[in-house]
Amino acid sequence: MPRKILFVTATDAEADAVRMAPGMKTSGDKLICGGAEISILVTGIGSVATAWGMSKWLASGEKPDIAVNAGIAGSFSNLINIGDVVLPFEDCFADAGIEEGNAFLTLGEAGLDDPDRFPFRNGRIYADSEIVKKMSAVLKPVRAVTVNCSSGSELTIAKLLKKFNPEIETMEGAAFFYICSREEIPFLALRSISNRIELRNRKNWNIRLALDNLSEKLNEIFLFLTD
């Protein structure tokens with residue numbers, strides 16, 4: 001039996017990265033790569049769209065052997081190059097909380113929620129399965145934050161770095177972590193870096209490189225997952 005993989009992306013352009021991955025074949029509405037049977041779910045951008053799309057798909061009764069979330073991301077770290085494909089191993093909803101003057105408090109810090117309520121540990125969700133541990137030998141593990149508003153000001157960037165010490169930023173990652181954890185689905189997240197997190201400057205972005213590199217890496221990853 002082929003291993004059933006749910007491949008979750010926010011956009012069609014990110015979904016194309018798996019469709020164009022080396023060695024990919026089509027079988028009906030699914031893709032085949034080695035011993036993997038891949039269903040693609042394009043949710044739309046953001047945590048709400050991701051949570052709704054995944055919940056609706058899972059409500060159909062079909063449960064994958066593993067879920068993979070992949071797409072582009074911005075990097076806070078100068079040690080990560082544009083075009084690098086990285087492995088988020090922890091994530092959080094970085095703008096869910098309250099402002100108290102110039103300070104930002106997470107829901108746990110504000111006493112509004114238990115920061116250790118499953119699937120959270122100290123307010124964060126971890127991808128710490130055996131699959132992720134093995135994959136860390138192939139890809140660089142990174143700390144991620146998920147936001148509703150892509151960061152583009154020095155003040156916001158400084159606050160996020162001080163509070164969470166992240167290496168990358170996405171708009172869907174924590175929602176994917178949350179749904180998979182709650183549904184007890186093994187999961188893996190991949191992100192290809194398209195830009196630095198800085199004062200917004202699209203001239204410095206390279207989305208095409210990020211998507212091309214992601215596509216090249218996916219074949220190796222799917223074969224790894226079904227080995």
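Test of understanding: among Ile98, Ile82, which residue is touching a residue at least 24 places away in the same chain (Cβ under 8 Å), surrounded by fewer than 20 Cβ atoms within 10 Å (Cβ to Cβ) and not charged (D, E, K, R)?
Sole residue among the options that is touching a residue at least 24 places away in the same chain (Cβ under 8 Å), surrounded by fewer than 20 Cβ atoms within 10 Å (Cβ to Cβ) and not charged (D, E, K, R): Ile82.
Condition first: touching a Cys at 6+ places or on another chain (Cβ under 7 Å) and either assigned to a loop (DSSP other than H, G, I, E, B) or of a type in the set (A, V, I, L, M, F, W, C) (or both). Can you find one or more residues in segment 40-58 that meet it?
no
Condition check ((1) of a type in the set (Ser, Thr, Tyr); (2) in a strand (DSSP E or B); (3) closer than 26 Å to Gly108 by Cβ; (4) in contact with a helix residue (DSSP H, G or I) (Cβ under 9 Å, 6 or more places away or on another chain)) across all residues:
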| position | (1), (2), (3), (4) |
| --- | --- |
| Ser150 | yes, no, yes, no |
| Thr156 | yes, no, yes, no |
| Leu160 | no, no, yes, no |
| Tyr178 | yes, no, yes, yes |
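For segment 7-30, enumerate the residues that are in contact with a helix residue (DSSP H, G or I) (Cβ under 7 Å, 6 or more places away or on another chain) and in a strand (DSSP E or B).
Within segment 7-30, Phe7, Val8, Thr9 meet the criteria.
I want to confirm something. Restricting to segment 189-207 and keeping residues that are more than 18 Å from the chain's Cα centre (by Cα) and part of a helix (DSSP H, G or I), which single residue is surrounded by the fewest Cβ atoms within 10 Å (Cβ to Cβ)?
Among those that are more than 18 Å from the chain's Cα centre (by Cα) and part of a helix (DSSP H, G or I), it is Lys203.
Just to verify a result, which residue in segment 25-46, among those that are farther than 28 Å from Ala174 by Cβ and in contact (Cβ under 8 Å) with a residue 12 or more places away in the chain, is surrounded by the fewest Cβ atoms within 10 Å (Cβ to Cβ)?
Out of the qualifying residues, it is Gly35.
Residue by residue through segment 90-142, note down the ones that are acidic (Asp, Glu) and outside any strand (DSSP E or B).
Selection gives Asp95, Glu109, Asp113, Asp114, Asp116, Asp128, Glu130.
Could you count how many residues in segment 117-139 are surrounded by 12 or more Cβ atoms within 10 Å (Cβ to Cβ) and more than 19 Å from Pro186 (Cα to Cα)?
Matching residues across segment 117-139 total 1.
Quick test of your reading of the structure: Pro166 fulfils all but one of (1) in a loop (DSSP other than H, G, I, E, B); (2) over 23 Å from Lys217 (Cβ atoms); (3) modelled with pLDDT of 95 or more. Name the failing condition by number.
Failing condition for Pro166: (2).
Output the residue which, of all residues in segment 1-39 that are of a type outside the set (Lys, Arg) and in contact with a Cys (Cβ under 8 Å, 6 or more places away or on another chain), is nearest to Leu209 (Cα to Cα).
Only one residue fits best here, namely Ala21.
The values are calculated or read from the model by the stated rules, or taken from the named source; none is laboratory data. The shown structure was predicted, so the numbers you read here are calculated from the model rather than taken from an experiment. Methodologically, a virtual Cβ is constructed for each residue, glycine included, from the backbone with ideal geometry; neighbour enumeration extends over all protein chains shown.
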